[in-house]
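Input: a single structure, listed below in structure tokens.
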Amino acid sequence: MLKNSATHYGAVARFLHWSVFLLFVYQYLSANIMTRLARDKLALGFTQSDYYDWHKSIGLLLLGLALLRWLWRKLTPLPEWAPTLSAAERAISHRNETLLYGCMFLLPISGYLFVMAGGFGVKLFGLHDLANPVGKHELLATLARVVHIVVGYAAVVVIAWHVGLGLKHHLFDRDRFLNRMLPFRRQ
């Protein structure tokens, strides 16, 4: 089923959710590799420059997926709250989802502003240099870099909370909570 039902997320919502999650994991890992890798060294067959190009490119792809995800969420009804969630867990989940969407938008936007205003540019997937509509602007680059780093750490905390609540319900409460969003599960 493509659309959400009253109790489960549909295939489109699941695809967008897991695509964004997996790309966020990639972004986190690649950021840690690229910032620690010497310019003249290789990691997993890639140079530091390769990691930067792909990190920037995937960031722009994530921005597009986040926008699609947000639009899908606005245009299709969500499943009802899981009956096993307490009122406090519902309030926390709602706040957490708002923070997650904020991170999904702020991370790629701040990253883009940082590299453009810093004069680093974006070579899309290592193939095509994107035009720089921002121009070199040192103060904007510094501010965007700080926002990118702070929101990156905040995203790790918010994602951990999101995953933790799901695992708590699924593994400890044994209410099959994650089946609502896990891929390849029948409804």
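Every number in this text was worked out from the coordinates using simple rules, so none of it is lab data. Being a predicted model, the structure only gives us computed values, none of them experimental. Counting neighbours? That spans all protein chains shown, and the Cβs are built from the backbone with ideal geometry, glycine included.
Structure above, values below:
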{"read-out": "Cubic angstrom per residue, convex hull over Cα atoms of the stretch 36-83", "value": "119 Å³"}
{"read-out": "Two-decimal Rg/Rh across the chain, once Rg and the Kirkwood Rh are taken from alpha-carbon atoms", "value": "1.02"}
{"read-out": "C-alpha long axis of helix 48-75 to longest principal axis of the chain, angle in °", "value": "40 degrees"}
{"read-out": "Candidates Phe21, Phe114, Phe46: whichever shows maximal mean-square fluctuation once the chain is modelled as a Gaussian network with Cα springs under 10 Å", "value": "Phe46"}
{"read-out": "Residues Leu68 and Val150, FRET efficiency given R0 of 22 Å [Cβ-Cβ distance, rounded to 0.05]", "value": "0.30"}
{"read-out": "The stretch 51-105: GluC sites (Glu not before Pro) falling in loop per DSSP and having at most 15 other Cβ within 10 Å", "value": "Glu80"}
{"read-out": "Neighbour cut-off at most 16 other Cβ (10 Å), DSSP loop, trypsin sites (Lys or Arg not before Pro), the stretch 93-187", "value": "Lys136, Arg174, Arg176, Arg185, Arg186"}
{"read-out": "Loop-resident sites, the stretch 1-80, for trypsin sites (Lys or Arg not before Pro), counting at most 11 other Cβ within 10 Å (DSSP)", "value": "Arg36, Arg39, Lys41"}
{"read-out": "Added length on full extension, which subtracts the Cα-Cα distance from 0.36 nm per residue, Leu130 to Lys168", "value": "9.3 nm"}
